Amino acid sequence: MYFRRLIAFAVLVGAFGALVWLALGGIHDLRAGKGKAKAKPAVAAPAKVLRIVFPEGFTRREMAERIVAVNGIARRKRHVEPRLRAKAYLKLTGTSLLPASFAGDKKPRPLEGFLFPATYAFTAKTSSKQLAAEQLKTFKRQWKKVNLRYARKKNLTPYDVLIIASMIEKEVIAPEERPLVSAVIYNRLHNRMPLGIDATIRYALRIPPTKSLRESDLQNPTPYNTRTHRGLVPTPISNPGFASIQAAAHPARVDYLYFVRRPDKVHHFFTASYAEFVAYERAHGYKA
């Protein structure tokens, strides 16, 4: 009886020891990397998606300034250091071959007009080149929707239409006036009259719309002076949105040759009569 109890006790002690050994061995094996359990690989955090908004009518330089502003916001509020650089953006878009349907003479030109204004997503790794390429890609996609049949009948090239669109974008505030301003441009070109659009002078001399043009500015010999030079300016003066591009391709069928800003600073007075144009200017205190 005593012998059997002794054997049972020995078996119980042995079993308990085995359990302790396994437990300790298991912990040792896991710590040493020998156990069956494997650590899951670390998953990289998704890149923070940022956005930059380019309004319709922005120039290349205004877009570069917006890059500087957005970079500052990204650093302060999102704790991200973007790769976008204003200087690189201006250099990349300053001289380039134009898209195939516009490059008649294969001469490098600024991409002014082709940097489609919209909201673009980017990350810290997005380069200035990638951003400009995305804008150009968006422009090409939008341009395919434009019917140029009427413009071709008027002997205007695709580049001419884009230049007209850029002027419309800078001149018009009320959307319904886009086709009317377009009609004035078409009619003046047909009549071989100077276009007289001061936004082209402002573009060349970098004069903001909040500052009045001086007489010396109006007489400046720049080829962008549409008061002294007939025809279209050498390049677009802004990056127009789709509505202005459409208006440039489809002007209103009216005989207007003149327009002047109304006192509300939003709408224009349009007329085909120079006498009416002068009378309106005088009645509202404008210089004739």
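Quick look at the numbers
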read-out: Entries of Lys87/Lys145; Lys106/Lys137; Lys48/Lys144; Lys91/Lys144; Lys107/Lys140 with Cα pairs more than 21 Å apart; value: Lys87/Lys145; Lys48/Lys144; Lys91/Lys144
read-out: Sparsely packed chymotrypsin sites (Phe, Trp or Tyr not before Pro) within the range 255-286, loop by DSSP, other Cβ within 10 Å at most 13; value: Tyr286
read-out: Built amide H within the under 5 Å cut-off of His268, gap 5+; value: Arg262
read-out: Relative packing of 119-125, 212-218, which averages over residues the other C-beta atoms within 10 Å, highest first; value: 119-125, 212-218
read-out: Under 5 Å, built H, 5+ apart or other chain: amide partners of Ala118; value: Phe54
read-out: Shape of the range 119-196, Cα gyration tensor, a/c cut at 1.5; value: prolate
read-out: Debye equation applied to the C-alpha atoms of the range 60-166, log10 I(q)/I(0) at 0.16, 0.24 Å⁻¹; value: -0.76, -1.36
read-out: Phi to ³J(HN,Hα) by Karplus 6.51 cos²θ - 1.76 cosθ + 1.60 over the range 126-141, Hz, x for Gly, Pro; value: 5, 8, 4, 5, 5, 5, 4, 5, 5, 5, 5, 5, 5, 4, 4, 5
read-out: By average C-beta atoms within 10 angstrom, highest first, the peptides 228-241, 60-73, 143-156; value: 228-241, 60-73, 143-156
read-out: Residue-count net charge about Ala283 - beta-carbon cut-off 12 Å; Lys, Arg +1, Asp, Glu -1; value: 0
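No value in this document is a laboratory result; all are computed from the given coordinates. Bear in mind the structure is a predicted one, so any value in this text is a computation, not a measurement. Don't worry about glycine lacking a Cβ; one is built from the backbone with ideal geometry, like all the others, and counts go over all protein chains shown.
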